[in-house]
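Visitor: Below are the structure tokens for one structure; questions will follow.
Readers should treat all values here as calculations from the given coordinates under stated rules, not as data from a laboratory. Worth saying up front: this structure is predicted, and the values here are computed from it rather than measured. Ideal geometry is used to build each Cβ from the backbone, glycine not excepted, and the neighbour counts take in all protein chains shown.
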Amino acid sequence: KKNISSVLKNLGIQELNPAYSTGKHWSGATDAKTIDSFSPVDGQKIASIQVATAEDYESVMKTAESAFQFWRSLPAPKRGDMVRQFGDALRAAKEDLGTLVSYEMGKSLQEGFGEVQEMIDICDFAVGLSRQLYGLTMHSERPNHRMYEQWHPMGIVGVISAFNFPVAVWSWNTALALVCGNVCVWKPSSKTPLCAVACQHILSKVLADNEMPEGISNLLIGNAVGDMINNDKRIPLVSFTGSTRIGRTVSTAVASRFGRSILELGGNNAIIISKDADLDMSIIGAVFGAVGTAGQRCTSTRRLIIQEDIYEEFKNRLVKAYGQLRIGDPLDQHHHVGPLIDTAAVDMYSKAIEKGIQEGADFVVEGGVLSGPNYSSGCYVKPCVAAVENHYEIVQEETFAPILYLIKYKTLEEAIALQNGVPQGLSSAIMTLNLREAEQFLSSSGSDCGIANVNIGTSGAEIGGAFGGEKETGGGRESGSDAWKGYMRRQTNTINYANTLPLAQGIKFDL
Ligand code: UN1
């Protein structure tokens, strides 16, 4: 507990935090509503934060608009330098910020540190990018003409992030958006507002130390802010991470005003375990994928599609592995599994198990809510495993909890069809030492997901690749590769340096 209070102090978190920030400047809300942040680790209230009003939102937007005028004209490598310094500040704050992530969100300390490491990595990536925002040059069909494309900043980018990666997902968006010349308005999950306060302090200090204007990175607290962003024409791009249900409303609202959205929605990720798999590796991949972050990653492993010849053996090994899991305080590195985010999530977990049983699920590792002095927050549940059929309604849905479904297959074609036979399309994997199977899984007739791995589980993607998925996952891409293009507008330029004006397509127009 003492440790936590010094972490909070180091990160600039007060007992009552202001509703919004445009950078160095923080302001209280004009009305008295507040959100309390409770730790799922021990149920204790950590601190409170005010909720932003429509007036607060307006004042942030005004500041952001004027900051954009400045920021877009700052050379991209200079913007990159701000992000480089942000990465350095994160290196210095890693211990504190990782601990807060673990305490406020409930993921293991190692995963909390891992999340901050993802932030550092994306900063490094973005710094390099700031000198590589390349456009193509094309050959014009007309003589003495030059044609090329450039990438320009879009403006104010709205970032709406989820509780499960309370700091990393924001940084993927913000680091890229900033080097691309945009300014950001962040609405974090109301379940993890203090992580957001901490991040905003870190980035604001870097910007203030460099005498940058207010409004480059902005934070606004409260659920109502989401709709304000979605419906605001001044925000050309909204990057949303969260459930498919809310993603649908975000996408509709943003599209109806012809805004652009980057959607990172639900996953229903499967690992195919071939009879040619290395089973030792497969067990680790499957168990980490299913119980890591207590099953609350969008990349968490929800389904194992197992070849029938090894099904019984693999199931038995899985049951044994689950028997060794230690559940408890995630700040204690001895534990594998921490709590769910809140008791509402525990209810969803329990309901999913009930529904599974009604549909015929056979639980080979039983679930259940834990109680007792070590589990006083009421948020700790037992990771469980059930033999099911892929078509069960509950199997088709994403339940954000450590429930793992086992499905049997005969042929690889059947396994791929099962893997693809869900509405979501985020992450997928095959465990096999058979080259033909691996390549078939990765081919155009293989996995339909945005992420497809061989001999690696479904979660724990590196930042260097584009992150996102198809179908109900929303189609957005964030993070590495050329995902930066989603944060810029492309302009095609044709320049005529001839002393005549030839028209394209050979059209003659003489006056
Ligand atoms: C998420 O769950 O929203 O691939 C992001 C992973 C992490 C990111 C997950 N790098 O599991």
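Visitor: With the crude spin-label approximation of a point 7 Å out along Cα→Cβ, what separation in nm comes out for Ser445 versus His25?
Guide: It works out to 6.2 nm between the two label points.
Visitor: Give me the one-decimal nm value for the distance between modelled label points at His334 and Ser256, 7 Å along each residue's Cα-to-Cβ direction.
Guide: For His334 paired with Ser256, the spin-label model returns 5.5 nm.
Visitor: While we're on this one: When you count, for each residue, the other Cβ atoms within 10 Å and take the mean per peptide, how do 179-192, 252-265 rank with the highest first?
Guide: 179-192, 252-265
Visitor: Starting from the Cα-Cα distance between Val454 and Phe70, subtract it from 0.36 nm times their residue separation and give me the gain in nm to one decimal.
Guide: That works out to 133.7 nm of additional length.
Visitor: For a label point 7 Å from the Cα of Glu55 along Cα→C-beta, name the residues of region 16-48 whose backbone N is under 11 Å from it.
Guide: Residues 29-32 fall inside that zone.
Visitor: Hey, what angle do you get for helix 193-209 against the long axis of the chain, alpha-carbon based, 0 to 90 degrees rounded to 10?
Guide: 30
Visitor: A follow-up question, please. Take the Cα pairs of region 422-511, get the Kirkwood Rh, then feed it into Stokes-Einstein at 25 °C and 0.890 mPa s and tell me D in µm²/s.
Guide: Reported coefficient: 146 µm²/s.
Visitor: For Lys233, list the aspartates and glutamates whose Cα falls under 18 Å from its own Cα; do not include residues on the same chain fewer than 8 positions away.
Guide: Once the sequence-local aspartates and glutamates are set aside, what remains near Lys233 is Glu55, Asp56, Glu58, Glu65.
Visitor: Same structure, new question: Quick check on the chain: of the DSSP beta bridges with both residues there, what percent are antiparallel, nearest 5%?
Guide: Here the antiparallel bridges make up roughly 40 percent for the chain.
Visitor: Loop only by DSSP, 16 or fewer other Cβ within 10 Å of the Cβ. Give me the chymotrypsin sites (Phe, Trp or Tyr not before Pro) in region 473-511 that pass, ordered by residue number.
Guide: Tyr497, Phe509
Visitor: How large is the charge dipole for region 399-459, taken about the Cα centre, if only the Cβ atoms of Lys, Arg (+1) and Asp, Glu (-1) carry charge, to the nearest 20 debye?
Guide: 140
Visitor: Which three extents, in whole angstrom, do the alpha-carbon atoms of region 87-163 cover along their principal axes, largest first?
Guide: Here the Cα extents, ordered largest to smallest, are 64, 24, 17 Å.
Visitor: Quote the charge dipole size of the chain about the Cα centre in Debye, to the nearest 20; the model charges only the Cβ of Lys and Arg (+1) and of Asp and Glu (-1).
Guide: About 1260 debye.
Visitor: Residue by residue, what Karplus-based ³J(HN,Hα) values in Hz, rounded to whole numbers, does region 40-49 have, using 6.51, -1.76 and 1.60 with θ = phi - 60° and x for Gly and Pro?
Guide: Rounded to whole hertz, the list is x, 5, 9, x, 6, 6, 8, 5, 10, 8.
Visitor: Separate question: Of the options Asn223, Tyr375, Ser459, report the single residue whose Cα projects farthest towards the positive end of the charge dipole of the chain (beta-carbon charges: Lys, Arg +1; Asp, Glu -1).
Guide: Farthest towards the positive end: Asn223.
Visitor: Follow-up question, since we're still on this one. Quote to one decimal, in nm, the extra length available between Leu16 and Glu413 on full extension: 0.36 nm per residue of separation minus the C-alpha distance between them.
Guide: Contour length minus Cα-Cα distance gives 137.3 nm.
Visitor: What is the local net charge at Ser130, summed over the other residues whose Cβ is closer than 10 Å to its Cβ (Lys, Arg +1; Asp, Glu -1)?
Guide: +3
Visitor: With each pseudo-label sitting 7 Å past Cα toward Cβ, what's the Arg248-Ala208 distance in nm, one decimal?
Guide: Distance between label points: 4.4 nm.
Visitor: Run through all the Cα pairs of the chain and give the fraction in each 20 Å bin from 0, expressed as whole percent.
Guide: So the P(r) values, bin by bin, are 23, 51, 22, 3, 0.
Visitor: On to the next question. Cα to Cα, under 16 Å, and not fewer than 8 places away if on the same chain: which aspartates and glutamates meet these conditions relative to Lys78?
Guide: Partners found: Asp88, Asp124, Asp209, Glu211.
Visitor: Another one. So for region 79-147, taking the charge dipole from beta-carbon charges (+1 Lys/Arg, -1 Asp/Glu), which of Thr99, Met138, Val127 sits furthest toward the positive end?
Guide: Looking along the dipole axis, the top candidate is Met138.
Visitor: Any idea how far the Cα center of region 128-195 sits from the one of region 384-406, in Å?
Guide: Using only Cα atoms, the two centres lie 36 Å from each other.
Visitor: Additional query: Aspartates and glutamates near Lys408 by alpha-carbon distance under 12 Å, same-chain residues fewer than 8 away left out - which ones?
Guide: Cross-link targets: Glu308, Asp309, Glu312, Glu389.
Visitor: For the pair Asn144 and Asn223, what calculated FRET efficiency results from E = 1/(1 + (r/R0)^6), where r is the Cβ-Cβ distance and R0 = 45 Å, to the nearest 0.05?
Guide: Using R0 = 45 Å, I get an efficiency of 0.20.
Visitor: Given the pairs Lys107/Lys351; Lys24/Lys45; Lys315/Lys355; Lys9/Lys382; Lys187/Lys320, which span a C-alpha to C-alpha distance of over 30 angstrom in this model?
Guide: Beyond 30 Å: Lys9/Lys382; Lys187/Lys320.
Visitor: Which angle between 0 and 90 degrees, to the nearest 10, do you get for helix 279-291 versus the longest principal axis of the chain when only C-alpha atoms count?
Guide: So the inclination is approximately 70 degrees.
Visitor: So what's region 1-102 giving for Cα Rg divided by 2.2 N^0.38 Å, two decimals?
Guide: For region 1-102, the normalised Cα radius of gyration is 1.31.
Visitor: Using every alpha carbon pair in region 359-494, what percent of pairs falls into each 10 Å bin from 0 up to the bin containing the largest distance?
Guide: 10, 30, 31, 19, 8, 2, 1, 0
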